[in-house]
Amino acid sequence: MNSILRVLNRDEIVVAGHRGMRTFYPENTLLGIQEAIDHGVDMLEIDLNLTLDKEVVVMHDNTIDRTTNGTGFIHDMTLEQLRTYDAGGYMGKQFEGLKVPTLRELCQLCDSYKELLFNVEIKEYTHETVDIAFAILKEYDLMERCVFTCFDASIVAYMHDTYGVRCQGFPKEYMKNFEEGENGTYSKLFAVGIAMTPSPTNPQRRILTAQLARDFEAIGIEPWCYCPDNDVMVEEAIACGARLMTCNNPLPALRILKERGLHPRDIAGVQK
């Protein structure tokens, strides 16, 4: 199925590559994204920021400090300035020379993978980032293959109410500007991302359990999880009822789900 609605197929569990294949390759780089596709993920989870000159770039953090050899906020740099920094060397000398890709470059790379799905997370919390990113995704005819994610519930509401897209959020404890009530944040969610392990900065946050998955399914929200990166966590995610796994290392999930008959596809969603 050439649509995000493929995730509703109860004969399989979808596997997403988290920021590409970040266990082995620099995150959110074209190399890591291509490797994730080549290893058989069904979906790419990517993160979007906006430069000073209004270019949408694929990068998780709002600053370049952690994953490049530079410092500073992306929204304070032009694309040309951003491209002067190395986005791969932090993971090893063999990756030196990689650059932060634009959303348009990612779309071009993925253009031939017609069943590949996308989880597009907005990291620069502005309507402008959403508007420009959506215009690019529409140009490449990718909107129907996307779910759109943000930790800011006000951005989720904007995407849902303005564009009518399917959105992924998180349990309310995770989200900024969460709204309670019948017409609140949960009413705008297609899916929810639930962590497999507690956060070092927020050890009280809810993690995946079978009951939590059932609770979300009861209100019509798909229970997804991140990041089951080894055999034990993959088995736990299956047992809890997760319908999608976003993995830094997708190899255990792909192997175990194939063995269980829960991943009946090969590379980029091509039917066996």
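The values are calculated or read from the model by the stated rules, or taken from the named source; none is laboratory data. On a predicted model such as this, the values are computed, not experimentally measured, just so you know. Note that each Cβ is placed from the backbone with ideal geometry, even for glycine, and that neighbours are counted across all protein chains shown. Remember, those area values only see protein heavy atoms, side chains included, never the ligands or the DNA or RNA. Shrake-Rupley method; radii C 1.70, N 1.55, O 1.52, S 1.80 Å.
Overview of values
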| read-out | value |
| --- | --- |
| Percent RCO, i.e. relative contact order, over the range 99-162, from Cα pairs under 8 Å lying at least 6 residues apart | 38 |
| Relative packing of 191-202, 32-43, which averages over residues the other C-beta atoms within 10 Å, highest first | 32-43, 191-202 |
| Accessible-area ranking of 138, 172, largest first, probe 1.4 Å | 138, 172 |
| Potential extension, residue 96-residue 113 segment - 0.36 nm per residue separation minus Cα distance | 3.4 nm |
| Overall form of the range 101-248 per C-alpha gyration tensor (a/c, 1.5; a/b vs b/c) | oblate |
| Cβ-based net charge around residue 36, under 11 Å, with every Lys or Arg adding one and every Asp or Glu removing one | -3 |
| Gain in span if fully extended, residue 9 to residue 219, counting 0.36 nm per residue against the direct Cα distance | 73.8 nm |
| Label-point gap, in nm, between residue 201 and residue 138 - each point 7 angstrom along Cα→Cβ | 3.4 |
| Relative contact order (%) - the chain, alpha-carbon pairs under 8 angstrom, separation at least six | 21 |
| With every protein chain in place, the chain: carbon and sulfur % of accessible area (1.4 Å) | 51 |
| ³J(HN,Hα) computed for each position of the range 217-231 - Karplus, 6.51 cos²θ - 1.76 cosθ + 1.60, integer Hz, glycine/proline x | 4, 5, 9, x, 10, 5, x, 10, 9, 8, 10, x, 9, 9, 4 |
| The range 118-272: relative contact order as a whole-number percent, Cα under 8 Å and 6+ apart | 14 |
| Placed amide H near residue 195: partners under 5 Å, 5+ positions off or other chain | 208, 226 |
| Rounded accessible area per residue of the chain, 1.4 Å, Å² | 42 |
